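Asker: I'd like to ask some things about the structure below.
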Amino acid sequence: IMAYLPGKMTLRKEFVWNNSFWTPDGLGADLALWLDADDASTVTLNGSTVSQWDDKSGNGRNASQGSAALQPIYTTNGLNGKPVLSFDGSDDQLTITSPFALGETAAMVAQRSSTAQPIIEAPTSANRGFWGSAHPGFTTHNNYAVDGGPLLSAPPNSAVTTPSLVSQTELLQLSTFAYKLGAGTPSYQFLNGFIAEVVVTDTLLPTDDRQKLEGYLAWKWGLVANLPSGHPYKIKPPVK
């Protein structure tokens, strides 16, 4: 867009997401869970709070909460002009009532005020889940990429107080659980922040697909600056 002022010409770059760009649909049968706050058709409101967040993967792993007092708030202009689900850090939580084994790759955009706050977690003291609590019980098979950076050997703790993109690979889970969003189990740890999007696959994605997922989330949620130099989608988003 070019705007003219007397004696001055200003160029302003604007990015508009469109249907030509790659989305998690491109993962096909590997896609196990996809929660997207920007898709209003997947969010069931109870006034200003969310009673259900529908899974876009086609697997029916919807996240729900029947008690109004425990429902997160639907914040319409939460991040990059898009809606997010805001959790109060006290008791807000959603439960994925259809049990499933944790996949081997996950990526999410969220914000929390402390590393002791879970984003998605299994209701057990072992192998708790993705981007979990202060004592998550992760196995040695976990690898993490914070904001698309190199894989780390420990759960990321830098993703605090600011919106962050975290991707995780090789989480091996032997059992199936009905996972929670925004709360640990037993319920003494709660998210004080928001969740914008969560994508989980049931296979270990190859590097190029993981990077597409990171690029998709970064461009969509205004976190491109957080991608490291040399990331293949630092300059432009992935396309179909």
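Only the coordinates and a few stated rules stand behind these numbers; no lab work does. None of these values were measured; they are calculated from a predicted model. Here the Cβ is made from the backbone with ideal geometry for all residues, glycine too, and neighbour counts use every protein chain on show.
Asker: Please give, to one decimal in nm, the separation of the simple spin-label points placed at Ser48 and Ala178, each 7 Å out from Cα toward the Cβ.
Answerer: Using points 7 Å along Cα→Cβ, the separation is 2.9 nm.
Asker: Which shape class applies to the range 62-110: rounded if a/c is under 1.5, otherwise prolate when a/b exceeds b/c and oblate if not, where a ≥ b ≥ c are the square roots of the Cα gyration tensor eigenvalues?
Answerer: It is oblate, given that a/c is not under 1.5 and a/b is not larger than b/c.
Asker: Report the residues of the range 199-224 in range of a label on Thr162: point 7 Å along Cα→C-beta, backbone N strictly under 14 Å from it.
Answerer: The answer is 222-224, whose backbone nitrogens lie closer than 14 Å to the label point.
Asker: For every other residue with a beta carbon closer than 12 angstrom to the beta carbon of Ala32, add +1 if it is Lys or Arg and -1 if Asp or Glu, then tell me the sum.
Answerer: Residues close to Ala32 contribute a combined charge of -2.
Asker: Could you compute the net charge surrounding Ala178? Neighbours are other residues with a C-beta less than 12 Å from the C-beta of Ala178; K and R count +1, D and E count -1.
Answerer: Combined, the nearby Lys, Arg, Asp and Glu give +1.
Asker: For the range 176-235, what does the relative contact order come out to in percent, with C-alpha contacts under 8 Å and a separation of six or more?
Answerer: 19 percent
Asker: Between Asp25 and Ser41, what is 0.36 nm times their sequence separation minus the Cα-Cα distance? Round to one decimal in nm.
Answerer: Fully extending the segment from Asp25 to Ser41 adds 4.1 nm.
Asker: Further question on the same structure: Pairs Lys56/Lys236; Lys180/Lys220; Lys212/Lys240; Lys220/Lys240; Lys56/Lys220; Lys212/Lys234: which are spaced more than 19 Å apart, C-alpha to C-alpha?
Answerer: Violating the 19 Å Cα-Cα cut-off are Lys56/Lys236; Lys180/Lys220.
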